[in-house]
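> Shown below is the structure under consideration.
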Amino acid sequence: MTLNVTPGVNVLVEIAIDQLNRILTPFPNPQVRTVAEASTSVDGSAVYLATSSEVPITLFISDASDPNHALSLTLAPRRIPPRELRLVLTDPLPLPSQTASATVPPGASAPEYVERLTEAMRALAREELPEGYRLRPARPDESVDCVQDGLETRRGQVLEGQDVALVTALVRNVSAARLEIEERACRAQGEDETVAVAAWPQVWLEPGEMVELYLAVRPTPPERVHPPRPSLLGAERR
């Protein structure tokens, strides 16, 4: 069962009592918070939950690196078969670890910078043009690479902003198995710095399934551009 979820908005759903239930989250490292008497464990991006009580369970699920965006669930135990719930975000969330580690432009604070990227990517998911951005087709050298087996990418559009550009692409699962997009493995080609990545509307893909990928890129600061080192072998051949 697929559930569209929004951080801060509670969703009520039935689960199985005296059975093991599986919740597929959109987070790479989920953490669970609850005061209910239920057994929970985390395996990758999946949460396993079991209860022997008919008392409803309220829990919050967030990524360990970004507890500010939590999904709220109320689980109603019923005498039904085990359930698998797939949580799909209504808005994409760029990876906090990537946006936080990026160099913040002069005159901007880190929280403001991250929030601005988040709002711009949410606008993309709503098929809107973010304020202050100009849309154009991507050039041949503006492709996206995902260093992950089973994924095929196709370049899309570029939205140019004042100090950052948003690159969109399509990514398809060309393998024969269901897989999870490792967003950290994706980057824009070229010398620009990829500071945030988000897949929309989900990170789990069935064979042949395709989603959009949003990347925020900015020019690499001059102090981080290293000139090439001349090869000693090349000098010997001359």
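The values are calculated or read from the model by the stated rules, or taken from the named source; none is laboratory data. What you see is a predicted model, and the numbers here were worked out from it, not measured in a lab. We place every Cβ from the backbone using ideal geometry, glycine too, and count neighbours over all the protein chains shown. The accessibility values were calculated without ligands, DNA or RNA, using every heavy atom of the protein model including side chains. Shrake-Rupley method; radii C 1.70, N 1.55, O 1.52, S 1.80 Å.
> For the stretch 166-194, enumerate the residues that are modelled with pLDDT of 90 or more and part of a strand (DSSP E or B).
Scanning the stretch 166-194 gives Leu166, Val167, Thr168, Ala169, Leu170, Val171, Arg172, Asn173.
> Identify the residue in the stretch 27-53 that is in contact (Cβ under 8 Å) with a residue 40 or more places away in the chain and open to solvent by 30 Å² or more (accessible area, probe 1.4 Å) and, among all such residues, is nearest to Ala70 (Cα to Cα).
Pro28
> Then there is this: Considering each residue of the stretch 1-50, count those that are among the small types (Gly, Ala, Ser) and farther than 22 Å from Ala198 by Cα, and give that number.
Matching residues across the stretch 1-50 total 6.
> Have a look at Pro82, Pro67 and point out the one that is over 30 Å from Leu170 (Cβ atoms), open to solvent by 60 Å² or more (accessible area, probe 1.4 Å) and at pLDDT below 85.
Pro67
> Sticking with this structure for a sec: Look at Ser62 and say whether it is in a strand (DSSP E or B), at pLDDT below 90 and touching a His at 6+ places or on another chain (Cβ under 8 Å).
In short, yes.
> Against the conditions (1) modelled with pLDDT of 75 or more; (2) over 14 Å from the mean Cα position of the chain (by Cα); (3) within 22 Å of Glu212 (Cα to Cα), where does Ser45 fall short? Just the number, please.
Result: Ser45 passes all but (2).
> Residues of the stretch 125-164 being open to solvent by less than 20 Å² (accessible area, probe 1.4 Å), touching an Asp or Glu at 6+ places or on another chain (Cβ under 9 Å), aliphatic (A, V, I, L, M) and at pLDDT 85 or above, which ones?
Val158
> Oh, and also: Which of (1) loosely packed, with under 14 Cβ neighbours inside 10 Å; (2) modelled with pLDDT of 75 or more does Ala108 not meet, given it meets every other one?
Evaluating Ala108 over (1) loosely packed, with under 14 Cβ neighbours inside 10 Å; (2) modelled with pLDDT of 75 or more leaves (2) as the failure.
> Let me ask you something else. Consider the stretch 166-220. How many of its residues are touching a Phe, Trp or Tyr at 6+ places or on another chain (Cβ under 7 Å) and loosely packed, with under 15 Cβ neighbours inside 10 Å?
Within the stretch 166-220, residues that are touching a Phe, Trp or Tyr at 6+ places or on another chain (Cβ under 7 Å) and loosely packed, with under 15 Cβ neighbours inside 10 Å number 1.
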